[in-house]
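Down below is the structure, laid out as structure tokens.
The values are calculated or read from the model by the stated rules, or taken from the named source; none is laboratory data. In this text, all values refer to a predicted model and were calculated from it rather than measured experimentally. Here the Cβ is made from the backbone with ideal geometry for all residues, glycine too, and neighbour counts use every protein chain on show.
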Amino acid sequence: MGLVGVNKAPGRSAEQGERTTLLCVPFAGAGGSFFHPWRALSAGRWRVVAFEPPGRERRMLDTPYRNVVEAAKNEVDDLAATLGEGARVVVFGHSLGAVLAYEFVHLLSTRDVHVQQLVVSGSPGPWTQRERRATGLPDEEFFARVEEFAGFRHEALDHPEMRELILPVLRADCEMHENYVPSTDEPVRVPICSLRGASDGLVTAAEAQQWRDATTDEFSYTELPGDHMYLTDSGREVLDVIDALQERHS
């Protein structure tokens, strides 16, 4: 099972009168615990569930995926079961999590799950591959490139033991992200909102707005203060954007 429930109490809105789940898909190297603080920040607006990729946290002993489409196909049935029959869901993903979330939305559309909104963050459109790559670089160059991409250095990288644990997961995540090719050319049929840190040096505003072509439904674009990893300090602001989207579509 690749999911971590981080808010057991379902969020309910007066308009919907039903449970709404916010499904969060983490970025490269991260696990579901990144979204634990969003439980309190959501203030009961949603049931917050985080996808837990293999190779970290509760799934530390599982082999990490190296292909986004394979990951989505292998995990979607457990995902649908956890979300529940007839669930109303908002899907959020940042960077690698954005393209994995996009694949999940395609697959969930064939299950009894109602995706209300896809919120992608820090990502060019799904058909655009990154020009500068980390895959295949020697260890030190690899870590330097990942730090350059992320815009910050994780403190765990200063500890040799932690580096050894993190390296295989980061390599697998970077490989799956940099080699990603969408499973289909068909756009999704749900609204997409693309978020970007206003000073993101990795994803341009034009690239973030390429998601307009990934949906047959409404598209919106929002910038928040910060760089590529803006969401580490802006969880509340992200949730406020999602809340406003829900109000608009309720």
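Report yes if some residue within region 47-54 is over 29 Å from ARG236 (Cβ atoms) and either modelled with pLDDT under 95 or touching a Cys at 6+ places or on another chain (Cβ under 7 Å) (or both); otherwise report no.
So far as region 47-54 goes, yes, one or more of its residues are over 29 Å from ARG236 (Cβ atoms) and either modelled with pLDDT under 95 or touching a Cys at 6+ places or on another chain (Cβ under 7 Å) (or both).
With respect to ARG58, is the statement that it is within 28 Å of LEU224 (Cα to Cα), modelled with pLDDT under 90 and not in a loop (DSSP other than H, G, I, E, B) true? Give the derivation first.
Values: within 28 Å of LEU224 (Cα to Cα): no; modelled with pLDDT under 90: yes; not in a loop (DSSP other than H, G, I, E, B): yes.
No: the conditions fail for ARG58.
Residues that are within 16 Å of PHE27 (Cβ to Cβ), at pLDDT below 90 and over 15 Å from the mean Cα position of the chain (by Cα): does region 197-206 have at least one?
Yes: region 197-206 contains one or more residues that are within 16 Å of PHE27 (Cβ to Cβ), at pLDDT below 90 and over 15 Å from the mean Cα position of the chain (by Cα).
Could you tell me whether VAL76 is surrounded by 18 or more Cβ atoms within 10 Å (Cβ to Cβ), outside any strand (DSSP E or B) and out of contact with any helix residue (DSSP H, G or I) (no Cβ under 9 Å at 6 or more places or on another chain)?
Answer is no for this residue.
Looking at region 99-132, which of its residues are of a type in the set (Phe, Trp, Tyr) and either in a loop (DSSP other than H, G, I, E, B) or over 16 Å from THR215 (Cβ atoms) (or both)?
Once the filter is applied, which keeps residues that are of a type in the set (Phe, Trp, Tyr) and either in a loop (DSSP other than H, G, I, E, B) or over 16 Å from THR215 (Cβ atoms) (or both), region 99-132 yields only TRP127.
For the subset of region 39-72 comprising residues that are within 23 Å of GLN246 (Cβ to Cβ) and free of Cβ contacts under 8 Å to residues at least 24 places away in the same chain, which member is surrounded by the fewest Cβ atoms within 10 Å (Cβ to Cβ)?
Applying the filter and picking the extreme gives ALA43.
Does ARG163 meet the test of being outside any loop (DSSP other than H, G, I, E, B), free of Cβ contacts under 8 Å to residues at least 60 places away in the same chain and either in contact with a Phe, Trp or Tyr (Cβ under 9 Å, 6 or more places away or on another chain) or surrounded by 16 or more Cβ atoms within 10 Å (Cβ to Cβ) (or both)?
Yes, satisfied.
Test GLU75 against the criterion of being touching a residue at least 24 places away in the same chain (Cβ under 8 Å), in contact with a Leu (Cβ under 9 Å, 6 or more places away or on another chain) and over 21 Å from PRO191 (Cα atoms), and give yes or no.
Spelling it out, GLU75 is indeed touching a residue at least 24 places away in the same chain (Cβ under 8 Å), in contact with a Leu (Cβ under 9 Å, 6 or more places away or on another chain) and over 21 Å from PRO191 (Cα atoms).
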